[in-house]
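Please treat every number below as a calculation from the coordinates, not as lab data. Everything numeric in this text was worked out from a predicted model, so none of it was measured. Counting neighbours? That spans all protein chains shown, and the Cβs are built from the backbone with ideal geometry, glycine included.
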Amino acid sequence: ENHSGPAKLYQLITNKLISTGISPNSLGFKYLRDAIILCYNDCSAINNITKSIYTYIAKQYSTTAECVEKAIRNCISNCLKGHGASKIKQTLSLRFEMPVKFSNSQFIAIITENIKSDSLTGTPLFCV
């Protein structure tokens, strides 16, 4: 099954976030999903998260980049408090030691890379 279509990608990311323990009711959920979609489609976006991703999402939702950043941070933080890193590690089949706390860009990059590796394309996230 090819996950490259926009609707399939949207659903795949939604399912992945929920399965890692991110609450779909939190404000940051939609911002986080949009950030992952942006990084999936443009691997260089993660390198300039504050100016490119947060600003773009803020414009889409008529808010500020600071509000987007804070909502995503709270979303990730609440997930880690509620479920711990073990649920994220298990869901994403990660084979490295998890940090106690993720930066927003780390979390977005890890989820994006996981989704890319699940897809048929297997295109790596990180541009070298």
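List of remarks:
- Spin-label proximity, ASN78 to the range 3-37 - amide N less than 11 Å from point 7 Å beyond Cα toward beta carbon: 22-30
- With 0.36 nm allotted per residue and the present C-alpha distance subtracted, the TYR61-ASP118 stretch has 17.6 nm of extension available.
- Environment charge of TYR40, counting only residues whose C-beta is closer than 10 Å and scoring Lys/Arg +1, Asp/Glu -1: -1
- Applied to the range 104-117, the Karplus parametrisation 6.51 cos²θ - 1.76 cosθ + 1.60 on θ = phi - 60° returns per-residue 3J(HN,Hα) values of 4, 5, 4, 5, 4, 5, 5, 5, 4, 4, 5, 5, 5, 6 Hz, with x for Gly and Pro.
- Cα→Cβ-extended label distance, 7 Å offset, between SER23 and SER86, nm: 2.2 nm
- Fully extended contour minus Cα-Cα distance, from SER44 to SER103, at 0.36 nm per residue: 19.5 nm
- Pairs from the list LYS70/LYS116; LYS16/LYS81; LYS16/LYS116; LYS8/LYS59; LYS30/LYS70 with a Cα-Cα gap above 20 Å: LYS70/LYS116; LYS8/LYS59.
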